[in-house]
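Here is the structure we will look at.
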Amino acid sequence: MKILKSLLAFLILAFSHSWADGDLKLQQVTEDVYAIVGELGNRSAGNLGNNATFGFVVTTAGVVLIDPGGTYQGAQKIDLLIKEVTDKPVVKVINTGGQDHRWLGNGYFQKQGAQIIASAAAVSDQKARTQDQFIGLGNLVGDEGLKGTDAVYADKIFEQQLEFKLGDTRFELHYAGQAHTPGDSFIWLPQKKVMFTGDIVYVERMLGVGSQSNSKSWVRVYQTMAAYQPRYLIPGHGAATNLSQANKDTYDYLVFLRQAVTDFIDNGGDMTEISNVNQSKFDYLLNFKMLAGRNAQQVFSELEWE
Ligand SMILES: [Zn+2]
């Protein structure tokens, strides 16, 4: 009976736990390094705009959070997961880019006293798209889910590089150019060989090439990131992984897509027939149906200007 009771208690705990953290999954990557993995689909009232992967590092002097989530309440959910691991406060928040889920949770953590850090390119992208992002989130997450969310920009901005040490842990922030968005940067922990890539890397799901992206530059930025040979890689979307999966799901796809669209143009194809570009090699990636055609279209218009 006692065993049954504790089993029941465990089940209730497990259930309430999976309910309480919404759709975020906590994943330990290595000592003191964690990924928080959000849904692979779109923003919704259920996920509060947290349809991406975030991460944090516990140091002796506090927590560094990589990306604060897509809304104020989404940030709160992230904070709850951090508190399952440590009672140290979040002292620094890094925005790896300008997309909503990379920065619209800033206000929550700033209120707790955290410093917000981002590349200059990310901040200007955030400023340029603030209104669009609020409209988009209003449609997908809803007014209730958006409550409390304000546009809060970084209080520390860097151009190409920023290094700091917190406790004993060294952090290197690198901005190497436009990728999925104009301001995507990556974060390298040299002692741990850990790389946080933000939207430079997508695994498990198909990446999106949008009007805010530059696929040519993205390939170069990816190469710069990969040259560090990370042992652990926390992507912008999907679970924490290694470089070889990132190569397969992001780099190989980008290179393939650019080549396939180049060949299509060389063979006299025009935009109206773009769906003829065969991408089935990558149909194992989630969101393939929704994004493959759009990606080809975007790369087509990019190539026209290159
Ligand atoms: Zn993203």
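Looking at the range 93-119, I want the residues that are more than 18 Å from Phe186 (Cα to Cα) and have a partner that is among the hydroxyl-bearing types (Ser, Thr, Tyr) with Cβ atoms under 6 Å, at least 6 apart or on another chain. Which pairs are those?
The qualifying pairs are Leu104/Thr71; Leu104/Thr149; Gly107/Tyr72; Tyr108/Tyr72.
Inside the range 47-113, counting only strands (runs of 3 or more DSSP E) that do not spill past its ends, which hold 2 or more residues that are within 15 Å of the ligand (Cβ to nearest atom) and of a type outside the set (Asp, Glu)?
Filter on the range 47-113 gives 53-59, 90-95.
When the residues of the range 245-273 are filtered to those that are buried (at least 19 other Cβ atoms within 10 Å of the Cβ) and of a type in the set (A, V, I, L, M, F, W, C), which remaining residue is farthest from Ser213 (Cα to Cα)?
Restricting to residues being buried (at least 19 other Cβ atoms within 10 Å of the Cβ) and of a type in the set (A, V, I, L, M, F, W, C), the top hit is Phe264.
Report whether or not Ile234 is of a type in the set (A, V, I, L, M, F, W, C) and at pLDDT below 95.
No.
Across the range 120-144, what is the total count of residues that are out of contact with any Lys or Arg (no Cβ under 9 Å at 6 or more places or on another chain) and in contact (Cβ under 8 Å) with a residue 40 or more places away in the chain?
Total satisfying the criteria: 8.
Could you check Leu233 against (1) closer than 19 Å to Gly41 by Cα; (2) in contact with a helix residue (DSSP H, G or I) (Cβ under 6 Å, 6 or more places away or on another chain); (3) not in a helix (DSSP H, G or I) and say which number it fails?
(1)
With respect to Val201, determine if the residue is part of a helix (DSSP H, G or I), within 16 Å of the ligand (Cβ to nearest atom), within 27 Å of Gln297 (Cβ to Cβ) and of a type in the set (A, V, I, L, M).
In short, no.
Looking at the range 253-272, I want the residues that are hydroxyl-bearing (Ser, Thr, Tyr) and have a partner that is surrounded by fewer than 15 Cβ atoms within 10 Å (Cβ to Cβ) with Cβ atoms under 9 Å, at least 6 apart or on another chain. Which pairs are those?
Tyr253/Lys281
The values are calculated or read from the model by the stated rules, or taken from the named source; none is laboratory data. This structure is a prediction, so every number in the text was calculated from the model and none was measured. With ideal geometry, Cβ positions are generated from the backbone for all residues, glycine too; neighbour counts draw on all protein chains shown.
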